[in-house]
1. When DSSP assigns beta bridges and you keep just the ones with both residues in segment 140-350, what percent turn out antiparallel, to the nearest 5?
2. Search the structure for amide H atoms under 5 Å from the amide H of I324, placed 1.01 Å from N in the peptide plane, and list their residues when 5 or more places away or on another chain.
3. Size of the dipole of segment 10-133 about the Cα centre, Lys and Arg at +1 and Asp and Glu at -1 on the beta carbon, nothing else charged, in debye to 20?
4. Could you run the Karplus curve 6.51 cos²θ - 1.76 cosθ + 1.60 with θ = phi - 60° over segment 4-13 and give me ³J(HN,Hα) per residue in whole Hz, x for Gly and Pro?
5. Averaging sequence separations of C-alpha pairs under 8 Å and six or more residues apart, then dividing by the length of segment 10-133, give the relative contact order as a whole percent.
6. Would you mind ranking M234, M1, M225, M295 by Cβ crowding within 10 Å, fewest neighbours first?
7. Cα gyration tensor of segment 10-133, axes a ≥ b ≥ c as square roots of the eigenvalues: rounded (a/c below 1.5), prolate (a/b > b/c) or oblate?
8. Using a Gaussian network for the chain with springs between C-alpha atoms less than 10 Å apart, which of these wobbles most: K193, K61, K110?
Amino acid sequence: MAYVLSSLADLDRAPHDALIDVRSPAEYAEDHIPGAFNLPVLDDAERARVGTIYSRENPFKARKIGAALVASNAARHLETALIDKDGGWRPLVYCWRGGQRSGSFTSILKQVGWRAQTIEGGYRTYRRLVVRELYETPFTAPVTLLGGNTGTAKTALLERLQARGVQVIDLEGLAHHRGSVFGARPGGQPSQKAFETALAQVIGGLDQSRPVVIEAESSKVSQCMVPPALWAAMKAAPRLEITAPLAARARYLVSAYSDIIDDPARLADTLDKLRPFHAAGQIDDWQALARAGDMQRLAAELMAAHYDPRYAKGHEAAQRAQEIQLGDLKDEDLDRAVDRIAGGLSRDGASGV
């Protein structure tokens, strides 16, 4: 009997030792159930081939070829990835909709003697639960936004708040992007579906009666769209504005963006992306600072001439927010800010900060 998912939390209660996604590598890469590892019974090329034969030639021929490929790939997995599993192993298996691929692989695993089980409806069922969580369920937790100019250590504050037991949603972390021209991270962003899967896991684990702190973002973190219910809650939320001296912010950015600073070609390319917004001479001056290794001055000039003016223009709400002033952005300073933020949270958001 297939395992039935009626909520995202059901996976935590499933009696299994491993979660196996037997879809193709491309399907898995686009999105997968958290914690699943990929043992494809058809790779990308094989899946395309079988699908073409099914639609253009003969369904029976496609099923016969598909069955042979599944058997061959399953044998390879048994001899490699699964070779050390003992007789009591309990895998939970899924494909796109809980049909032939997962059913065939699970049958083979059962013949070995393992207590294998499929997920009813496969990934499609899980995806529907994610959509229900993000697009059909109101977001009712009281939200406090954490705003501030570039370099005010908002991500570090979120991490410290979470360690203190405060509920947070780190949208930039989930989107794997720092939300600016310089914000790309190695490996790129997740797909929209993968971003939503990660976000649904976080939201599903929240206590909706307690406050949640979220960094003030736009409705997109680079290419990842924030779902409407959460975005509506963010737009209506009270806001805390983090401020710090420009010199301290510049020092902080040199450390926080070390991955870009350590890659001169990437830094030069990113600076060139600012040419539509600034005079050629200004860009050339910034490129010269980068080549000279004067990173703190470069960071300070970028914030003063590019980021701060755009933040002021696009965040009028910051002028009405409660302000938390930071000094040198060292650990002690951040901890004091966390004390103020955590101490001021209430069911209705931020108060007494």
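1. On the way: 5 of 20 bridges.
Beta bridges within segment 140-350, antiparallel portion: roughly 25 percent.
2. Amide H neighbours of I324: E241, I242, T243.
3. Charge dipole of segment 10-133: 580 debye, to the nearest 20.
4. 9, 9, 10, 8, 4, 6, 4, 5, 5, 9
5. 26
6. M1, M225, M295, M234
7. Working: a/c = 1.95, a/b = 1.20, b/c = 1.62.
Oblate, since a/c reaches 1.5 and b/c is not below a/b.
8. Maximum among the listed residues: K61.
Bear in mind these aren't lab numbers, they're just calculated from the coordinates by the rules spelled out. This structure is a prediction, so every number in the text was calculated from the model and none was measured. Don't worry about glycine lacking a Cβ; one is built from the backbone with ideal geometry, like all the others, and counts go over all protein chains shown.
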